[in-house]
1. Rank by packing, highest mean first: peptides 399-405, 221-227, 423-429, with packing defined as the count of other Cβ atoms within 10 Å averaged across residues.
2. With a Förster radius of 41 Å, plug the Cβ-Cβ distance of K350 and A179 into 1/(1 + (r/R0)^6) and report the FRET value to the nearest 0.05.
3. Heads up, I need the accessible area for D114: 1.4 angstrom probe, whole protein in place, Å², nearest 10.
4. Going down the table (K71/K330; K102/K428; K350/K407; K330/K407; K330/K360), which pairs top 30 Å between alpha carbons?
5. Just subtract the alpha-carbon distance of M104 and D435 from 0.36 nm times their residue separation and send over the number in nm, one decimal.
6. Just how far, in whole angstrom, is segment 302-351 from segment 200-222 if you go by their alpha carbon centroids?
7. Report the relative contact order of segment 81-178, percent, no decimals, based on alpha-carbon pairs under 8 angstrom and at least 6 residues apart.
8. Where does the charge balance sit around N210 when Lys and Arg score +1, Asp and Glu -1, over other residues with C-beta under 14 Å from its C-beta?
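The values are calculated or read from the model by the stated rules, or taken from the named source; none is laboratory data. Everything quoted here is computed from the prediction, not taken from an experiment. In this analysis, Cβ positions are derived from the backbone assuming ideal geometry, glycine residues included, and neighbour counts consider all displayed protein chains. When the accessible area is computed, the model is the full protein with side chains, heavy atoms only, and any ligands, DNA or RNA have been set aside. Shrake-Rupley method; radii C 1.70, N 1.55, O 1.52, S 1.80 Å.
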Amino acid sequence: ATLALAAGLLGAAAAPSVLAQAPQPAPAVAPAAPAASRIQLADAILAVVNNEVITRQELIDKLRIVERRMKSQGIQLPPPQEFQRQMLERMIVDLAQIQLAKDMGIRIDDLALDRTIARIAEQNKMSVTQFRDQLEREGTPFPRFREEIREEIIMQRLREREVDNKIQVSESEIDNYLATQASSTRGPQEFNVQHILVRIPENATPEQINDRRRRAEGVFQQLQAGGDFAKLAATYSDASDALSGGDLGWRTEERLPQIFVDTATNLKEGQVSPIFKSANGFHIIKLAGKRAPSVVKNGGAAPNAVQQTHVRHILIKVNQITSAADARRKLAELKQRLDNKAATFDELAKLYSNDLSASKGGDLGWIYPGDTVPEFERAMDALQPGQVSEPVESPFGFHLIQVMERKSDDVSQERQRQIARAAIRERKMEEATNDWLRQLRDRAYVEYRVDAGDPR
């Protein structure tokens, strides 16, 4: 789909056909005024979240977007009422995050937003104008798309502040992690996992927990009877990935909660797990696949050896004075000078790079996998020693990258501990984010005004 990459920012997708089948609430005005009734129906308030509202038209707009994405991914749509319930619940959680971010003074200016949209357009192999036209053809007004992307960035910044920056990893945790890795009798693995969560509310009573358990058991029975996992996830799961069919994709062990790893390790491909419980609720996972890590950068060297890259770059930052087009054009000119041997990389970096490395001719030293942002690392890994890249965009601006040399080297003890710390942090981050979202949702004041499928 054209907007496959943007869909990750937007959330999920739905269509008029679904809404046409859904039960309609009673008109808010007398039957004698059908035109007014139709207007009231479109503008009906579905839910109040703290001090703001979610309207029926907002839900309809989201459903249309989400259904298109689900169809493009081959995910069966849940029943209309469940579909609306899932989408409304997601909107409630998102609005609660936006409200908290606003209270904390988190803002995204238009310049940062424009840069993000330009990257999305480029990832879809379009100019911003072409991308805007495609959105409009598919029924998504560009101004609304901009604001949805702005909200996604705001929520990301909020989670960084409220969750990511508060995660601590102790030295004893690192020691235990390294000891477990050393004693493991099997090599590292990646899992392709689908997931259904039946959430337990914060401070739940025994009756609420039993009710949630019965709901999970009902889902499990449908799976045992041959039900489609993705459709059941979209229908019943309370996880943020529900409308993506519960698909977590390929993940290394470090990027999954330990309880998921322990469960998936004992499953065969295609098998569904029994129900298991965590602090967030009851879980069911399906192991869609298992493999050795897909990216091996040590060229088959010893387990403790990794590939290091000696790299330098020229960075042109995008700001109010220098547009993305100007930065790309300037680097293209510098690349041509390098190709024509009219200047050296060292000279041009010292003259033009907006990075602190400029004084060293752009030299970043020896880089380990994961030390740089993904856009930079992908471009760097594709280069041969001595080769200079085309202009590469990253969150920092545009780069010319030159690989100077490569080597495989044993990972020092300090480096092993850094890698372990990052792995533990990433695992904690996902668990902490899910717990934080659950608490945020449960503490929000939510009042349902029109029946659109009770999300509780």
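1. Descending packing order for the listed peptides: 399-405, 423-429, 221-227.
2. After rounding to 0.05, the efficiency reads 0.30.
3. Here the accessible area works out near 70 Å².
4. As for pairs spanning more than 30 Å Cα to Cα, those are K71/K330; K330/K407.
5. Fully extending the segment from M104 to D435 adds 117.2 nm.
6. So the two Cα centres are separated by 55 Å.
7. Relative contact order comes out at 33 percent.
8. Around N210, the charge tally is +2.
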